[in-house]
Amino acid sequence: MSERQRPLDGLLVLDFSQFLSGPSAALRLADLGARVIKIERPERGEDGRNLYLSDCVLEGESTLFHAINRDKESFCVDLKDPTQRDALNTLIKQADILIANFRPGVMQRLGLDYQSVKNLNPAIVYGEISGYGLVGPWAERPGQDLLLQALSGLTWLSGSRADGPVAMGVPVADIFTGAQLVQGILAAVFAREFSGEGSHVQISMLEAMLDFQFEPLTIALHDPEQSIERAAVNGAHALVAGAYGFYRTKDGYIALSMGRVEDLARLLDCPALLPFSNPALAFAERDAIKQILADHLPCQTTAHWLSLLEPADIWCAEVLDWEQLLAHEGFKTLDMLQSLPLPGGNALTTSRCPIRIDEQCLWGSQPAPQLGQHQATINREIESFHNALKGMSHE
């Protein structure tokens, strides 16, 4: 697929956001063809450039920053300096989308709240992420992923009953919120085609995390007697009965998904499961069922169990680590990795956009920008825009 064929080709996005949630939304818009200009502070840039989550640094900056800001441009503006606002206002007038994820009130103090931006560009789609909404007792708290996991109830759904709260090992609040913002932005862009008017698209990370849990939350709200409680043994899903979970085998782990206990008893040669064959017992006795399997499955290898279960259409899988996954033909077939050259001679190897359009992958083309890398080019475009306006005024 050529760059000209991408669905959002021709749209201009101003990315004021930082860290993960907002930049991940802007990244997806870039993957889909939009031109994304990252608005950064002079000298220091966005804080994410120095967000060292590990010891892995590429050419002096966070590997995470490289991954989440590829295919963007960098333009530096001191938002507190009135003399630099003319250039920024020119960009705003030309932009289709603006993304911000500061704490409530920050963009307003900078004169960049939705109403101020709308006065410059009534057609703009203004996407805004907050941690907990704009009002309320939590509004001023930092919208950080682990804190959102903690406050949203999410940590009581993973692991087993005695584990205490279990955090997910990826920034799920950040990434899911960014994905939700993209949905809202695209809906607003679509609506603008008919109305000609922009929109203010808002989402809080807390609301996104509540939506993420809509299934157990809905059950809890409608059935007060239904305890949303993790299994005591090999917990994997608080709402699913029977064997559902990960189990140690002789040489690794196996995942057991949906399957009748009666079938598992027969296929695994595990007569201890037979008293639980009645489907009505699958949830009430799930801890007993899981314990029997946990005791039984280590006697054979993962491959042995898969050879018995897969032909019988029992939903199961080997539990892979990244080294095993990357070496597997199932992963290689996806062609999921891309390598982007960095200015210093290194390369960033990262995942590509998972979306395919007309059977074509959406590959990245540029690494994350160096701070202010596109300053001169964008300044020339701003000057050209001003000259065009002067020409129109003289006609």
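The values are calculated or read from the model by the stated rules, or taken from the named source; none is laboratory data. What you are looking at is a predicted structure, and each value in this text was computed from that prediction instead of being measured. Glycine also receives a Cβ, built like all others from the backbone with ideal geometry; neighbour counts cover every protein chain displayed.
The sole residue among Thr302, Thr349 that is of a type outside the set (A, V, I, L, M, F, W, C) and assigned by TED's automatic domain parsing to the domain that holds Ser160 is Thr349.
When you check Ser74 against the structure, is it in contact (Cβ under 8 Å) with a residue 40 or more places away in the chain, more than 21 Å from the chain's Cα centre (by Cα) and not in a helix (DSSP H, G or I), yes or no? Yes; evaluated as a whole, the condition is true for this residue. Taking every residue in the stretch 306-320 that is more than 11 Å from Leu264 (Cβ to Cβ) and pairing it with any residue that is part of a strand (DSSP E or B), at least 6 positions away or on another chain, the pairs with Cβ-Cβ distances below 6 Å are Ala317/Ala255; Val319/Phe246; Val319/Tyr253; Val319/Ala255. Hey, any hits in the stretch 30-43 for a residue that's in a strand (DSSP E or B), touching a residue at least 24 places away in the same chain (Cβ under 8 Å), of a type in the set (Val, Ile, Thr) and in contact with a helix residue (DSSP H, G or I) (Cβ under 6 Å, 6 or more places away or on another chain)? Yes, the stretch 30-43 contains at least one residue that is in a strand (DSSP E or B), touching a residue at least 24 places away in the same chain (Cβ under 8 Å), of a type in the set (Val, Ile, Thr) and in contact with a helix residue (DSSP H, G or I) (Cβ under 6 Å, 6 or more places away or on another chain). Of everything in the stretch 163-213, what is surrounded by fewer than 13 Cβ atoms within 10 Å (Cβ to Cβ), of a type in the set (A, V, I, L, M, F, W, C) and either over 18 Å from Ala25 (Cα atoms) or touching a helix residue (DSSP H, G or I) at 6+ places or on another chain (Cβ under 8 Å) (or both)? Give them in sequence order. Phe194, the sole residue that qualifies.
Of the residues examined, Val201 is not one that is part of a helix (DSSP H, G or I) and more than 26 Å from Ala236 (Cα to Cα). Exactly one residue out of Gly127, Gly143 is assigned to a strand (DSSP E or B), buried (at least 17 other Cβ atoms within 10 Å of the Cβ) and at pLDDT 95 or above, and it is Gly127. Assess whether Arg4 counts as being of a type in the set (D, E, K, R), within 24 Å of Ala187 (Cα to Cα), modelled with pLDDT under 95 and not in a loop (DSSP other than H, G, I, E, B). In short, yes.
A quick yes/no check of all residues on (1) touching a Leu at 6+ places or on another chain (Cβ under 7 Å); (2) under 24 Å from Gln5 (Cβ atoms); (3) in contact (Cβ under 8 Å) with a residue 60 or more places away in the chain; (4) in a loop (DSSP other than H, G, I, E, B):
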{"position": "Arg356", "(1), (2), (3), (4)": "no, yes, no, no"}
{"position": "Gly364", "(1), (2), (3), (4)": "yes, yes, yes, yes"}
{"position": "Pro367", "(1), (2), (3), (4)": "yes, yes, yes, yes"}
{"position": "Leu371", "(1), (2), (3), (4)": "no, no, yes, yes"}
{"position": "Ala376", "(1), (2), (3), (4)": "no, no, no, no"}
{"position": "Arg380", "(1), (2), (3), (4)": "no, no, no, no"}
{"position": "Glu383", "(1), (2), (3), (4)": "no, no, no, no"}
{"position": "His386", "(1), (2), (3), (4)": "no, no, yes, no"}
{"position": "Lys390", "(1), (2), (3), (4)": "no, no, no, no"}
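A quick yes/no check of all residues on (1) touching a Pro at 6+ places or on another chain (Cβ under 6 Å); (2) outside the structural domain of Thr377 (by TED's automatic domain parsing); (3) buried (at least 21 other Cβ atoms within 10 Å of the Cβ):
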position	(1), (2), (3)
Arg44	no, no, no
Leu58	no, no, no
Asp78	yes, no, no
Ile99	no, no, yes
Asp113	no, no, no
Asn119	no, no, no
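Restricted to the stretch 278-299, and to residues there that are in contact with a helix residue (DSSP H, G or I) (Cβ under 9 Å, 6 or more places away or on another chain) and in a loop (DSSP other than H, G, I, E, B), the residue that is nearest to Val240 (Cα to Cα) is Ala282. Can you name every residue in the stretch 14-31 that is among the acidic types (Asp, Glu) and buried (at least 24 other Cβ atoms within 10 Å of the Cβ)? Once the filter is applied, which keeps residues that are among the acidic types (Asp, Glu) and buried (at least 24 other Cβ atoms within 10 Å of the Cβ), the stretch 14-31 yields only Asp15.
What do you reckon, is Gly344 loosely packed, with under 11 Cβ neighbours inside 10 Å and within 21 Å of Gly48 (Cβ to Cβ)? For Gly344, the condition - loosely packed, with under 11 Cβ neighbours inside 10 Å and within 21 Å of Gly48 (Cβ to Cβ) - is met. Filtered by the rule that a residue be surrounded by 15 or more Cβ atoms within 10 Å (Cβ to Cβ) and not small (Gly, Ala, Ser), the stretch 130-140 gives Tyr132, Trp138.
Tell me, please, whether a residue that is part of a strand (DSSP E or B) and surrounded by 20 or more Cβ atoms within 10 Å (Cβ to Cβ) can be found in the stretch 231-249.
The first filter runs over the stretch 231-249 and keeps only residues part of a strand (DSSP E or B), leaving 245-248.
Filter again for surrounded by 20 or more Cβ atoms within 10 Å (Cβ to Cβ), leaving 245, 247.
There is at least one residue in the stretch 231-249 that is part of a strand (DSSP E or B) and surrounded by 20 or more Cβ atoms within 10 Å (Cβ to Cβ).
Entry remark, the stretch 152-165: residues being under 22 Å from the mean Cα position of the chain (by Cα) and of a type in the set (A, V, I, L, M) number 2 in total. The single condition from (1) crowded, with 17+ Cβ neighbours inside 10 Å; (2) within 21 Å of Val240 (Cα to Cα); (3) not basic (Lys, Arg) that Pro275 fails is (1). Evaluated against (1) over 21 Å from Lys80 (Cα atoms); (2) part of a helix (DSSP H, G or I); (3) over 23 Å from the mean Cα position of the chain (by Cα), Gln149 falls short on exactly one condition, (3).
Tally up the residues in the stretch 300-328 that are outside any helix (DSSP H, G or I) and touching a Gly at 6+ places or on another chain (Cβ under 6 Å), please.
Counting residues in the stretch 300-328 that are outside any helix (DSSP H, G or I) and touching a Gly at 6+ places or on another chain (Cβ under 6 Å) gives 1.
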